[in-house]
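As structure tokens, the structure follows; a few thoughts come after it.
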Amino acid sequence: MRNWLSFGGLDSRDFGVYISGSGVFNAPERQYEMIEVPGRNGDLLGIERRMANIELTYPAFIYAKFKQQITALKSAFLAKEGYQKLMDTYYPDEFRMAVFAGGTSVESVDRRNAGQFDLTFQCKPQRYLVTGQEEIDITTPLKLVNPTEFASSPLIRVYGYGTLGINSESVTIANQYAYVDIDCEMMDCYYQTNNANPYVSFSSNDFPQLRPGTNTFTKTANISQIKIVPRWWHV
């Protein structure tokens, strides 16, 4: 089986490009602040939850029409601005958010007009589960299980107004719109194209997350429905 990738909705096979996956198994680094204390052996670890971006390089191959195909692929990939969805056949049930780094390094081209080169992407540290992008209706019982080891930042749509409890935190929505979208990853609240941030408040002064394991929800009577895109991820 020849392996391939897609980037921003573009299929590498449409450019005659196939890959090997020696780099797809790498993991990101967690960043810590190392604090030296005079007179004390060893460094203290500062509180740091951030993971750095990871560089992902695919050895890639074109079996015919190398010049035309690689030119078309580079132009198409570089035309994609900002982070794009990156998927490959090594992890078909997952995806990364990535930027094409460009600077394609060609290793060899033979007389058959076939060639080998590298495709390099700068990726966010998360490997998102495709199933975590599916919208879930939270009904009775008001529970949702995070199957990964990492807290996720969901997209929550709340119909109505009142207080939504998520584990030990609460979110209060004013009676302004039919529903409000609470994007915990982008840290933004909105109704369609309207800014809804003034009408949403958080007990912890921060957007809620879905912790590993079971997450419980409560709601007041004027909230009629809750829909969540959980955005499960791991590394």
Whichever residue in the stretch 172-182 is hydrophobic (A, V, I, L, M, F, W, C) and more than 12 Å from GLN209 (Cα to Cα) and, among such residues, is surrounded by the fewest Cβ atoms within 10 Å (Cβ to Cβ): ALA178
Unmet criterion (only one of (1) of a type in the set (Val, Ile, Thr); (2) modelled with pLDDT of 95 or more; (3) touching a strand residue (DSSP E or B) at 6+ places or on another chain (Cβ under 6 Å)) for ILE138: (2)
Listing of strands (runs of 3 or more DSSP E) fully contained in the stretch 134-235 that carry 1 or more residues being polar (S, T, N, Q): 143-146, 162-166, 169-173, 200-202, 213-219, 223-229
Identity of the residue in the stretch 107-117, of a type outside the set (S, T, N, Q) and not in a strand (DSSP E or B), that ends up modelled with the highest pLDDT: ALA114
THR120 in a strand (DSSP E or B) and surrounded by 11 or more Cβ atoms within 10 Å (Cβ to Cβ): yes
Matching residues in the stretch 50-109 - criterion: being aliphatic (A, V, I, L, M) and in contact (Cβ under 8 Å) with a residue 60 or more places away in the chain: MET51, ALA52, ILE54, LEU56, LEU73, ALA76, LEU86, MET87, ALA98
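The values are calculated or read from the model by the stated rules, or taken from the named source; none is laboratory data. These numbers were taken from a predicted model, which means no experiment stands behind them. All Cβ positions, glycine included, derive from the backbone under ideal geometry; neighbour counts span all protein chains shown.
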